[in-house]
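The next block holds one structure in the form of structure tokens; read it before the comments.
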Amino acid sequence: MSAETLNYDLGVRAVARCDLMGAPPYSEHDDQLVRRYLTAAHAAALGTLREWMEAAGMSVRCDGAANLIGRYEAAAPNAPALMIGSHIDTVRNGGRYDGALGVMLGIDCVEALAGRRLPFALEVIAFGDEEGSRFPTSMTCSRAVAGDPVSGAGALRDADGVSLAEALAAFEPAQGEAPAMRRPGELLGFLEAHIEQGPVLEAEGLPIGVVTAIAAQKRLLARITGVAGHAGTTPMHLRHDPGPAAAEAILAVERICGAEAGLVGTVGRIAALPGSVNVIPGAVEFSLDVRAPTSAVRDAAVGRIAAELQAIVARRDLALTLEVTQDLAESPCDPTLTAMLVAAMGDVGVAPRRLPSGAGHDAMVMADLCPSAMLFIRCKGGVSHNPAEAVDPKDAAVAARAMLAFIERLAVERGGAKR
């Protein structure tokens, strides 16, 4: 089989493996893809990934944070590793390729080596939690690996009242495993392949692109508190209703974030409490996600939003609390690895294209531990976090070839191979 055919097959296989994991037992539901951290669906995914990793020639372990890691040894023992991977969890009613494709392509790269050893090891990692779809924080697992664990993460509870610590203690694959944290020097770099989750590559007719930087993001939980009352007996002018105030606040987020290029704000979750149709809510809670190319731009916008919300509740005689639940600075990708990845695009005949990422990724956390780079893969319509998410297997094949070219270039740079 020729190298070109082999690589194409690998790309097809990566997509097919993602498709396989789009249904039970790898999903918590029959009618939509939901694979949350530390659930039975997560455990099922790790079991099958372990089989694929072992078949590719890797030794496999699960760490104490429930990340699955396959290691393909170097030519010499105890060599540092290039880590390749992404996350295996999904949002509710999500797509099959977000995160998972990067894991499958990592396995493909090891399979393509067919037993050949490099001057460095390859490690393929499936992070257990990046989305934060179960517990009220995200990137829990990459932060554990990078040595920056979420403060008080064990006490965080899901919608059913189960704490993260309780869920982890009951998760069989991680029981008794070593801590997730890695030491500086163990990894020479981290490479994450991920669907673009945007329309740029498709608009330009390109199968892949190289990420230059990942945007800064801040997540907050807003709570506007008023006075609950009977829906039929309390006149409109005598109400202290947080509902209209929340609506006004959301429109303020749209107005403020829409006034500056590169700045985005999203209210993705809202709840009126206590949640009865015949009760004026006593409080309204909503999430707030603000992102920008830099922390300075993002924080200035958050300040403007906070001031506007305070003015809204003061005018309506209500109360406001704002709690920061996540604060991630912008993360430039490593210039050396990025240049090597751009060169690898040329090696496989794709015009170099650099672009920023507005979405957060594990790579931005791993950059605190080791040099990190990202490869984007075209997705249909730029649609993601949606069942309509789609990837052309031919694009995945190009990504696999580019990743292998990157590995070859890194091997030359490490002095253990010739191009």
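Numerical summary
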item	result
Matching strands (runs of 3 or more DSSP E) fully within the range 235-309 where at least 1 residues are small (Gly, Ala, Ser) and within 23 Å of the chain's Cα centre (by Cα)	264-266, 283-292
Of all residues making up the range 288-319, the number that are touching a residue at least 24 places away in the same chain (Cβ under 8 Å) and out of contact with any Pro (no Cβ under 9 Å at 6 or more places or on another chain)	18
Per-region count, the range 105-152, residues outside any loop (DSSP other than H, G, I, E, B) and closer than 16 Å to SER59 by Cα	13
Which listed residue, of ARG378, ARG315, ARG409, is crowded, with 22+ Cβ neighbours inside 10 Å, more than 28 Å from THR137 (Cβ to Cβ) and not hydroxyl-bearing (Ser, Thr, Tyr)	ARG378
Residue identified as under 24 Å from MET181 (Cα atoms), assigned by TED's automatic domain parsing to the domain that holds LEU187 and not in a loop (DSSP other than H, G, I, E, B) among ALA363, ALA405	ALA363
Enumeration of residues in the range 43-89 that are touching a Gly at 6+ places or on another chain (Cβ under 7 Å), part of a loop (DSSP other than H, G, I, E, B) and either within 23 Å of GLY132 (Cα to Cα) or not hydrophobic (A, V, I, L, M, F, W, C) (or both)	GLY57, ALA65, ALA66, ASN67, PRO80, ILE88, ASP89
Residue within the range 194-208 that is under 20 Å from LEU410 (Cβ atoms), touching a helix residue (DSSP H, G or I) at 6+ places or on another chain (Cβ under 7 Å) and either in the same structural domain as ALA339 (by TED's automatic domain parsing) or surrounded by fewer than 23 Cβ atoms within 10 Å (Cβ to Cβ) (or both) present	yes
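So that you can scan it fast, the table gives a plain yes or no per residue for (1) hydrophobic (A, V, I, L, M, F, W, C); (2) modelled with pLDDT of 95 or more; (3) at negative phi:
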residue: ALA126; (1), (2), (3): yes, yes, yes
residue: SER133; (1), (2), (3): no, no, yes
residue: CYS141; (1), (2), (3): yes, yes, yes
residue: PRO149; (1), (2), (3): no, no, yes
residue: ALA155; (1), (2), (3): yes, no, yes
residue: ALA159; (1), (2), (3): yes, no, yes
residue: VAL162; (1), (2), (3): yes, yes, yes
residue: ALA167; (1), (2), (3): yes, yes, yes
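The values are calculated or read from the model by the stated rules, or taken from the named source; none is laboratory data. Everything numeric in this text was worked out from a predicted model, so none of it was measured. Methodologically, a virtual Cβ is constructed for each residue, glycine included, from the backbone with ideal geometry; neighbour enumeration extends over all protein chains shown.
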